[in-house]
1. Can you tell me which residues in region 136-169 are under 12 Å from residue 121 (Cβ atoms) and assigned to a loop (DSSP other than H, G, I, E, B)?
2. I'd like to know if region 116-126 contains one or more residues that are closer than 23 Å to residue 10 by Cβ, touching a residue at least 60 places away in the same chain (Cβ under 8 Å) and of a type outside the set (A, V, I, L, M).
3. Here are some residues: 62, 30, 66. Which one is surrounded by 16 or more Cβ atoms within 10 Å (Cβ to Cβ), at pLDDT below 95, in contact with a Lys or Arg (Cβ under 8 Å, 6 or more places away or on another chain) and part of a helix (DSSP H, G or I)?
4. Take region 69-82 and flag every residue that is crowded, with 22+ Cβ neighbours inside 10 Å and assigned to a helix (DSSP H, G or I).
5. Using the structure shown, decide if residue 52 is touching a strand residue (DSSP E or B) at 6+ places or on another chain (Cβ under 8 Å), touching a residue at least 24 places away in the same chain (Cβ under 8 Å), surrounded by 13 or more Cβ atoms within 10 Å (Cβ to Cβ) and of a type in the set (A, V, I, L, M).
6. Here are some conditions: (1) in a helix (DSSP H, G or I); (2) farther than 23 Å from residue 155 by Cβ; (3) modelled with pLDDT under 95. Residue 94 meets all but one. Which one does it not meet?
7. So residue 11 clears everything in (1) touching a strand residue (DSSP E or B) at 6+ places or on another chain (Cβ under 8 Å); (2) buried (at least 18 other Cβ atoms within 10 Å of the Cβ); (3) not hydroxyl-bearing (Ser, Thr, Tyr) except one condition, right? Which one?
8. Of 165, 159, which residue is surrounded by fewer than 24 Cβ atoms within 10 Å (Cβ to Cβ), under 10 Å from the mean Cα position of the chain (by Cα) and modelled with pLDDT of 95 or more?
Amino acid sequence: MSYSTINTITLFFAMLAMLAAAITVLIAVSALTGDRLGVIRSLRSVAVELAAAVAVTSTVGSLIMSEVLNFEPCLNCWVQRGFMYPAAALLAVAAFTKRMVLAKAAALLALIGLPIAIFHRYEQATGTEIGGLCGDGAPCSAKYFEHFGFVTIPTMAGIGFATIIALVLVAVRAPIVSADEHVVIDDIEADDALV
């Protein structure tokens, strides 16, 4: 496979990761500002489906990287896959069955996978192998590519995990109430509830 084709494929997945990162940042900013722009309310009805799309895309992307582009996964990659693949399956089923317990379980897997991706990215950024976990065949510090000056495989995995967490939180979170609304939920006024 030519360098140009490999570059095009990895750039495509890097751009998808940047889109996911933008969605995650938008959700975080909306949550911090009381969802004044209605971003969270707009995403709530499709949040599980979007989380499933992110997880499935991450899974397919990792398989393309290893099976088509022949990027050998290191130990950290395998551990991250161990959390992303079941999260993708759980979210896909949750998207069809509307069982939020499955989405919550997937978010828990993503919550465990996120620090592993951060650790892996740290190893790449510093060029070090901490703890000697990775072998010579596929060193954890190796970068097969880097787009936009920072997006590598563990960066994309970390963004995927963070986006899954954010979207599942949007799906399961209590209704957002603006300061000028007054709503009673289960005999607790909105002002008294953690919203």
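The values are calculated or read from the model by the stated rules, or taken from the named source; none is laboratory data. If you're wondering where the values come from, they're calculated on a predicted model, not measured in any experiment. Every residue, glycine as well, gets a Cβ built from its backbone with ideal geometry; the counts of neighbours run over all protein chains shown.
1. Residues satisfying the conditions are 140, 141, 143, 146, 150, 152.
2. Of the residues in region 116-126, the ones closer than 23 Å to residue 10 by Cβ are 116-126.
Right, trim to touching a residue at least 60 places away in the same chain (Cβ under 8 Å) and you get none.
So far as region 116-126 goes, no, none of its residues is closer than 23 Å to residue 10 by Cβ, touching a residue at least 60 places away in the same chain (Cβ under 8 Å) and of a type outside the set (A, V, I, L, M).
3. On the way: 62 fails: at pLDDT below 95; 66 fails: in contact with a Lys or Arg (Cβ under 8 Å, 6 or more places away or on another chain).
Criteria check complete, one pass: 30.
4. Scanning region 69-82 gives 76, 77, 80.
5. When the stated conditions are applied, residue 52 does not pass them.
6. For residue 94, the failing item is (3).
7. (2)
8. Details: 159 fails: surrounded by fewer than 24 Cβ atoms within 10 Å (Cβ to Cβ).
Exactly one of 165, 159 is surrounded by fewer than 24 Cβ atoms within 10 Å (Cβ to Cβ), under 10 Å from the mean Cα position of the chain (by Cα) and modelled with pLDDT of 95 or more, namely 165.
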